[in-house]
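Student: Got a structure for you, written out below as structure tokens; questions coming shortly.
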Amino acid sequence: MVNAIFVQNPESKYDDRPGLSYHFPRQYLGMVEETVGDWVIFYEGRRGAFGYVATQQVREVVPDPEQEGHYYALLSRGTLLDFPQVVPRADPRGVAYEKALRGTEGTPISGGANTAAVRRITREAFDAIVSAGLRDEADAYALPREAGEEVIAFPGFADEQAPFDGPAPAGGPRDTILMARKYRDPAFQRMVKRAYGGKCAISGLSLRNGGGRPEVQAAHIMPVADGGPDAVCNGLALSGTLHWMFDRGLISVGEDMSILVSHNKVPQDVVRRLIDPGQKLMVPKEARHRPHPEFLRYHREEIYGRYAVA
């Protein structure tokens with residue numbers, strides 16, 4: 001088993017399904033097969049975030065039944081972990097993380113191996129990129145306020161930031177480290193809050209404490225217990241009450257991003273107080289951070305449909 005870089009841009013000629021499968025031509029088959037059972041890092045070029053954006057485990061490789069000479073790397077859905085920070089090609093010293101991409105002075109090259117869609121990397125490079133992606137930032141919770149933003153501040157409300165144990169350490173059992181909730185939970189919280197600008201996606205309110213930190217919570221759309229990944233596209237920034245209602249299937253999100261409410265269990269006056277009058281989900285500006293239709297479908301059918309309608 002080996003670690004590798006998979007280049008996956010938001011707009012691609014390949015049939016990529018982020019978080020589910022990676023589509024590639026025969027020339028990379030041998031290299032991708034070597035990654036089965038191990039972890040890879042996803043990289044986006046200039047058409048995307050222009051850096052390393054996530055890590056995930058490869059489950060198996062299968063032929064594309066419709067396009068000869070092409071294959072799918074099937075990914076272990078629940079292992080997907082987005083990086084709260086996009087990691088550039090070079091470390092703080094200006095040296096490329098990938099040895100194959102280093103020029104004469106260590107700076108990243110623009111051609112050669114850089115054009116390959118799949119690239120092997122050393123364990124050391126893998127650990128360095130993951131650690132950089134999960135590194136805590138002092139302002140991760142103190143998001144800037146936008147002009148005209150409706151903000152309700154509570155000077156004495158939850159002023160202390162939850163402790164973060166730091167990035168996953170190098171060495172040790174890879175699966176144990178990368179699947180540990182102590183690393184995944186803080187990362188998921190930070191990146192979802194940042195993607196939504198600290199605003200609740202259903203009420204539209206931005207609640208902040210005296211230190212300027214948003215008091216919304218990061219809710220998984222498809223629960224972790226059901227195989228849901230720690231990715232922004234599987235998250236919603238919600239106030240505490242709406243998070244509780246969402247997890248219990250009292251509210252959900254339709255295909256058109258409308259807010260669905262179990263009116264036989266949620267009084268109308270509660271709807272008026274908690275949900276934005278437009279009754280539409282407020283989504284992140286970046287398309288890749290918006291809720292994935294498959295995760296929303298799962299919540300509607302398996303959580304909202306099962307518990308709220310009964």
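Please treat every number below as a calculation from the coordinates, not as lab data. It should be emphasised that the depicted structure is a prediction, and the values quoted were computed from it without experimental measurement. No Cβ is skipped: glycine too gets one built from the backbone with ideal geometry, and neighbour counts run over all protein chains shown.
Student: E302 to W244: extension gain in nm, 0.36 nm per residue of separation minus the Cα-Cα distance?
Tutor: Length difference between fully extended and current span is 19.3 nm.
Student: Once the piece of chain linking Q268 and V62 is laid out straight, how much longer is it, given 0.36 nm per residue of separation minus the C-alpha distance between them?
Tutor: 69.2 nm
Student: Now a separate question. Region 21-109: which GluC sites (Glu not before Pro) are DSSP loop and have at most 15 other beta-carbon atoms within 10 angstrom?
Tutor: Answer in residue order: E66, E68, E105.
Student: Would you please state which residues of region 175-190 a label at D38 would reach in this model, taking the label point 7 Å out along Cα→Cβ and a backbone N cut-off of under 14 Å?
Tutor: 175
Student: Run the reach check for K285 against lysines, Cα to Cα strictly under 27 Å, same-chain hits fewer than 8 apart removed. What comes back?
Tutor: Once the sequence-local lysines are set aside, what remains near K285 is K13, K193, K199.
Student: Right, here's the next one. Starting from the Cα of D175, step 7 Å along the direction of its Cβ; do the same at R290; then give the gap between the two resulting points in nm.
Tutor: Here the modelled spin labels are 3.6 nm apart.
Student: Continuing with the same structure: Take M245, M257 and order them by how many other Cβ atoms sit within 10 Å, fewest up front.
Tutor: M257, M245
Student: Tell me which trypsin sites (Lys or Arg not before Pro) from region 193-297 have a DSSP coil assignment and no more than 10 other beta carbons within 10 Å of their own.
Tutor: Taking region 193-297 and a limit of 10 other Cβ atoms within 10 Å, the loop trypsin sites (Lys or Arg not before Pro) found are K285.
Student: Highest mean first, what order results for 118-125, 87-94 on Cβ atoms within 10 Å?
Tutor: Packing proxy ranking, top to bottom: 118-125, 87-94.
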